[in-house]
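The values are calculated or read from the model by the stated rules, or taken from the named source; none is laboratory data. Bear in mind that the values here come from a model prediction, so they are computed numbers and not experimental data. In this analysis, Cβ positions are derived from the backbone assuming ideal geometry, glycine residues included, and neighbour counts consider all displayed protein chains.
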Amino acid sequence: MDLDQAKQTFIIEAHELLDAMEESLLAPESSEAVNAMFRAVHTIKGSAGLFGLDPIVRFAHTVESVMDRVRAGSLAFDPDLVNLILACHDHLAQQISELQEGDDAGSPETIAEGDALLARLLPYLETVPRPAAPPTTLVTHESHPHEEEDDQPCWHISIRFGPDILRQGMDPLSFLRYLQTLGSITHLTPLLDRLPAGPDFDPERCYLGLEIDLDTKVERQVIEDVFEFVREDSQIRIIPPRSKVEEYIQLIRELPEGDHYLGEILVKGKCLTPKDLEEALGTQRQEAFEDGTVQGRMLGTIVIQDQAVPPAVVAAALDKQKKAKEKTGHEVKVVKVQAEKLDRLVDLVGELVIAGATANTLAAQGTDSRVLEATAILGKLVEEIRDNALSLRMVQIGETFSRFRRIVRDVGQELGKPIELEIRGAETELDKSIVEKLSDPLMHVVRNSIDHGIESQEVRRARGKPATGSLSLNAFHESGSIVIEVADDGGGLNKQRILAKAVERGLVQDPSSLTDQDITNLIFEPGFSTADAVSNLSGRGVGMDVVKRNIDELRGTIEVETYEGAGTTLRFRLPLTLAIIDGFRVGVEDTFYVIPLDMVIECLDLGPFLESEQNHLINLRGEVLPFLRLREVFETRGAVPARERVVVVQFGELRAGIVVDRLMGEFQTVIKPLGELFRSVKGLGGSTILGSGEVALILDVPQLIQLAVTRKHALQPRLSTVS
Amino acid sequence: MFQITRIKDNGHEILQLSGDLTIYSAAEARHELETHLSQHPTLVLDLSEIDELDTSGVQVLLWLKREAAARVGALSLVRHSPAVVETFDLLHVTGIFGDPILIGPA
């Protein structure tokens, strides 16, 4: 029995709703946004009510009431209120987080904070509290004047609970308690006919059905939402007040209980008059009798033919039902899976890839063509499974990006800099594990841009820029990696100041030898900060070096592009996934290396290009390309073979050649991390196990390219003096 | 904790149920009550010590009532605790059980 499962679902959904709410709060102009916020708070309140989480219900109720007034147009959504609602959003998020940690009641600080917020919300509330939903009277009945009850036809809710809801930790009692907060239950009939006699009775199974008449002013959606968590298993019919008779008749027909029994319940609830019931049921019987069939005509047609309702009304109603059905169908299309399960799957697929490679190798050694064919098909399937499994972990980066709307707004406000955030490429997908690890470095960079990059309004005006700063987040795919750019239109990096600081800190000995790129890269040195004033946001000295380390851990790189006075762009380049790659296998002596296939441009014989062996440059169709020998990089012993090969690789805009002994073709690779011992070895990204059981080393191409390029730089001055 | 205790009241044997009669204890309660029922088809249950009663608890009691009737016995519920009264009220099942509920002076 897993009673916590439903609560977990609630927590996940609440977080999603809060995210959506935050997004709407940051663009609160449209009425759709206000509606979305209202719905988010409302749904959280409703669900929390089902779990008896009174503090959340109480708090959400007040927020909801305020939002309702905004929605109705009787309250202006001014920046003050937006800020307050944002704070309320944070408080709700805090409450949900505490719940997640198992603290149902909430910590004293949170409770105090909630009370403070409620006090601030008070002025926005109507002087007369809404009659429909008093938050504190969860259990007590509201007494309505009797005559009103007669005048007001009620919603009729007919529900047969699913057999497993008790096991799932839900109790029909909580639904009733919650319904009482929406209005007053005028009639209620419990149906326990399904309860079996004797040994068939399962005490943990739910046999209950309820026929409820609810007097309320809330909308249909609100009532439907109450049953959100049991909707899938249970049979639920909600009939609005003053519905056509046939809706009730249809209900009677559809439900398993006897026609007259249900009919009487409806009559008791004043949904039907006894005459309506008699006529509808009577006609039905008569028809059946005349036709000689048991089935008779559909009840809907009976009522239409009897001129009770115009056919159009029935058609519309049917159409609506169909749409509602389609809607539920659509919702089922998304399945939530725990991240652990997914990771386990990807792990297993990784093992499958290795095992597949082994089978392939063995098959290739034999002579049986059938085995070869079978393993070939198997290999193709494994590849597809791998791609599919990995795509399961792909998420859009948009969600991470949109979190920055809030940060940009808050930080900008704190510093008195109005800033507009532009988001592009939100639909770009990348591995979930990368997204998670990316959020911190991105946060840091964004804060840096706002704090140090974008100038104050006065400076901007003086420089002839628009007073509102602009920050853009952009994501796109490029040759097997994902590129994420954070660009601002601020002051750019001040190279003189960076250099001066670096010299002062002793990071640079000889300033004249540095290129512009070298200087900008100094900001990634540990303990480097040029900020004159340390604000509480950034500039505390733990900065870009941490960002760089985080990105390094993801096997990514950072580039800085900066124009003094015009802005800075930071470019992160990251691998699409951490787990499995398509590799290109090469060999040096008896060691195997794997180069990520996405980075391989072409393969050539080294022979004809040897002209500038000394400075490690080859002439590739007129393009000068630095190269390095893996043999030299890893100090492999042995004789250089007669014919060496070059693999031309590219990363970002840089290209280089890697010289190896043998080319061995494509190969699917599961990346295994290298042990601590190898951490300091440059040029290696990981290891993998070959089909033969041997270990191959995965090359860290970006590092190797860097090595080739810097060596070119180092050699150039010497060459120029020679010539 | 759900518990069943035999008590004597004016010479009649009564089973006193105490603790929570909920989904957590429903299976156990059904089993134990069925054992008692097989010995005495006419049962009186004292509910004064019930702290919590949920839908599954109500189902067990109702099942027991029908079982008792099937064995030509009877089940009566007496001294409903506030928790029992609240649940019965919410579900409108007082009528189904048909036992008089005494509402205390409080």
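The table below gives the values:
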read-out: Counted residues, the range A:138-163 - those being part of a loop (DSSP other than H, G, I, E, B) and modelled with pLDDT of 85 or more; value: 3
read-out: Matching helices (runs of 4 or more DSSP H) fully within the range A:431-528 where at least 2 residues are surrounded by 19 or more Cβ atoms within 10 Å (Cβ to Cβ) and not hydrophobic (A, V, I, L, M, F, W, C); value: A:432-448
read-out: Considering residues of the range B:55-80 that are of a type in the set (D, E, K, R) and facing chain A (nearest Cβ under 9 Å) only, the residue surrounded by the fewest Cβ atoms within 10 Å (Cβ to Cβ); value: B:66
read-out: Candidate set: the range A:169-206, residues that are assigned to a strand (DSSP E or B) and among the hydroxyl-bearing types (Ser, Thr, Tyr); chosen: the one farthest from the other protein chains (Cβ to nearest Cβ); value: A:184
read-out: Flag for residue B:31 being out of contact with any Gly (no Cβ under 6 Å at 6 or more places or on another chain) and facing chain A (nearest Cβ under 9 Å); value: yes
read-out: Of the criteria (1) away from every other protein chain (no Cβ under 12 Å); (2) at pLDDT 75 or above; (3) over 22 Å from residue A:166 (Cβ atoms), which one residue A:235 fails; value: (3)
read-out: Condition met for residue B:95 (within 23 Å of residue A:168 (Cβ to Cβ) and at the interface with chain A (Cβ under 10 Å from one of its Cβ atoms)); value: no
read-out: Residue list for the range B:81-91, filter: at the interface with another protein chain (Cβ under 9 Å from one of its Cβ atoms) and surrounded by fewer than 17 Cβ atoms within 10 Å (Cβ to Cβ); value: B:86, B:89
read-out: Complete set of residues in the range A:412-436 that are within 23 Å of residue A:388 (Cβ to Cβ) and in contact (Cβ under 8 Å) with a residue 24 or more places away in the chain; value: A:427, A:428, A:429, A:430, A:431, A:432, A:433, A:434, A:435
read-out: Members of the range A:660-688 that are closer than 14 Å to residue A:591 by Cβ, part of a strand (DSSP E or B) and in contact with a helix residue (DSSP H, G or I) (Cβ under 9 Å, 6 or more places away or on another chain); value: A:660, A:684, A:687, A:688
read-out: Number of the exception - residue A:73 against (1) at negative phi; (2) surrounded by fewer than 15 Cβ atoms within 10 Å (Cβ to Cβ); value: (1)
read-out: The range B:4-47: number of residues that are surrounded by 14 or more Cβ atoms within 10 Å (Cβ to Cβ) and either under 26 Å from residue A:174 (Cα atoms) or of a type outside the set (D, E, K, R) (or both); value: 28
